Amino acid sequence: MSNISVIILAAGKGTRMKSKKPKVLHKISGYEMLYYSISEAKKLSDDISVVLYHQASLVESEMKKHFDDIKFVIQDHQNYPGTGGAVMNIETSYDKVLVLNGDMPLIDANELEKFSQLDGDIVMSVIKMDDSSGYGRVVIKDNEIEKIIEEKDASLKEREIKSVNAGIYLFANGMLAEYLPKLSNDNAGEEYYITDVIELAKNDGFKIVPLYVKEENFKGVNSKYDLAMAEVIMQNRIKKRFMQEGVIMHLPDTIYIDADVKIEDESIIENGVRLLSGAKIINSHIKANSVIEDSTIENSSVGPLSRVRPKSVLRDTLIGNFVEVKKSILIGVKAGHLSYLGDSEIDEGTNIGAGTITCNYDGKNKHKTIIGKNVFIGSDTQIIAPVVIEDNVLVAAGTTVNKDVKKGSLAISRTSMKTVEGFYDKFFKD
Ligand code: UD1
Ligand code: MG
């Protein structure tokens, strides 16, 4: 860990996001944007300050769910709005300060390390872009930065500049302390711009060098469109890593995977699958259009069109189309079609017929269903929990199981069927 302090800017209102939620709390692949900036910063610094203002207590409490060693600072936004105002009066442990925007969820620590490797009083990230709209334009001469012009303040000619400010800066040699008091808000937004520190330092003869970076790591998210595009990049990274580790994916562009999901061994993930936070897939085949959330699937086959809801474990199990499993443990089970298995434990060798429903909810409370080994549940069975079906039981199709069934028994509940000969013609034709 280098001797470097990090300040993450997250106080802005995020007006362009058009949302009641603070911009940095919008999620990408299961985590808030700000979560990513903080976790990458933690890899290179033990002194991290996050600057907040709009809905500060909400942002702080959400981040405290992930981190307990981060400082939160409230910007004096009323008097000092803007990215320059945000870094004023922040105490840092080290002389070198890396400033990040909190709306850059795609950055990674390896890229951040590169700022310290360049020699300059200020090192600033620059992206070369065909379409530079939305960003501050950077004027560079002889590989040194002269100034940054915000889009709002730029002339038509300046808007054509293709080098843009990616929003990450390393300030060395006391540059922030020296120039922050000298900032003015004499610009189109009437804000204090951190980017003006650069022009002031340059005019005093300090060396400001660009670090050229790739858009796909430094993309700023300002709108819901940017959010979706950043997520595409993040998704591609997540899926590429799994495929490199040996996972097979059909039509990966149609698969969605949250950032904390684990997939092991030679698992197969078919098109349209969603693997949500907490899912762990081990040596399994997840067929088309299935959804799995916060559950472990091991040596099993799921789908097509199955849904596994939180806190479930499937081991050596097969579930087929339109089977929904919730908070259940299925070991060595087959449930091929059209079933709801909730709050249940089902053991080895058991077959669940089509249309089986565990009636786990009585309108007030949830109750458990326990089914033993080698049980055959006939189609269209309702199992009214709480109930225990012991090993080696046969439940006849259409049964309503409303009491425990002892080992080795048959359970059957049926009204006897009758037939009325000649009824059809009488009813329809007469
Ligand atoms: C900023 C840069 C721009 C750069 C772009 C890269 C300035 C003046 N402009 O513009 O040159 O191309 O980032 O993405 O810095 N924030 C605060 N307090 C404030 C205002 C903003 O903490 O008073 C935070 C925001 O929460 C956000 C970050 O600073 O995380 C950047 O603010 P934003 O409004 O997105 O700046 P841009 O217009 O994108
Ligand atoms: Mg921005």
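The values are calculated or read from the model by the stated rules, or taken from the named source; none is laboratory data. These numbers were taken from a predicted model, which means no experiment stands behind them. Ideal geometry is used to build each Cβ from the backbone, glycine not excepted, and the neighbour counts take in all protein chains shown. SASA here: full protein model, heavy atoms, side chains in, ligands and nucleic acids out. Shrake-Rupley method; radii C 1.70, N 1.55, O 1.52, S 1.80 Å.
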| said: Out of the residues in segment 83-96 meeting the condition of being in contact (Cβ under 8 Å) with a residue 40 or more places away in the chain and within 15 Å of ligand 1 (Cβ to nearest atom), tell me which one is most open to solvent (accessible area, probe 1.4 Å). | reply: T83
| request: Please state which of the following conditions P22 fails to meet, knowing it meets all the rest: (1) surrounded by fewer than 16 Cβ atoms within 10 Å (Cβ to Cβ); (2) within 16 Å of ligand 2 (Cβ to nearest atom). | output: (1)
| Residue list for segment 33-49, filter: within 16 Å of ligand 2 (Cβ to nearest atom) and open to solvent by 10 Å² or more (accessible area, probe 1.4 Å) | Y36
| query | Would you pick out the residues in segment 189-235 that are assigned to a helix (DSSP H, G or I), more than 14 Å from ligand 2 (Cβ to nearest atom) and of a type in the set (A, V, I, L, M)? | reply | V197, I198, L200, A201, A228, V232, I233, M234
| message | Show the residue pairs meeting these rules: Cβ distance below 6 Å; 6+ apart or different chains; first residue within segment 9-21 and basic (K, R); second residue more than 6 Å from ligand 1 (Cβ to nearest atom). | response | K13/H54; R16/S223
| field | In segment 189-217, the residues that are over 22 Å from D103 (Cα atoms) and either surrounded by fewer than 22 Cβ atoms within 10 Å (Cβ to Cβ) or modelled with pLDDT under 95 (or both) | value | E199, L200, K202, N203, D204, G205, F206, K207, V209
| query | Just one of S295, S301, S306 is open to solvent by less than 10 Å² (accessible area, probe 1.4 Å), touching a residue at least 12 places away in the same chain (Cβ under 8 Å), on the phi < 0 side of the Ramachandran plot and touching a Leu at 6+ places or on another chain (Cβ under 9 Å); which is it? | reply | S295
| Mind checking whether some residue in segment 61-75 is in the same structural domain as I194 (by TED's automatic domain parsing), open to solvent by less than 70 Å² (accessible area, probe 1.4 Å) and within 16 Å of ligand 2 (Cβ to nearest atom)? | yes
| remark: Across segment 403-430, the tally of residues that are among the polar types (S, T, N, Q) and open to solvent by less than 100 Å² (accessible area, probe 1.4 Å) stands at 2
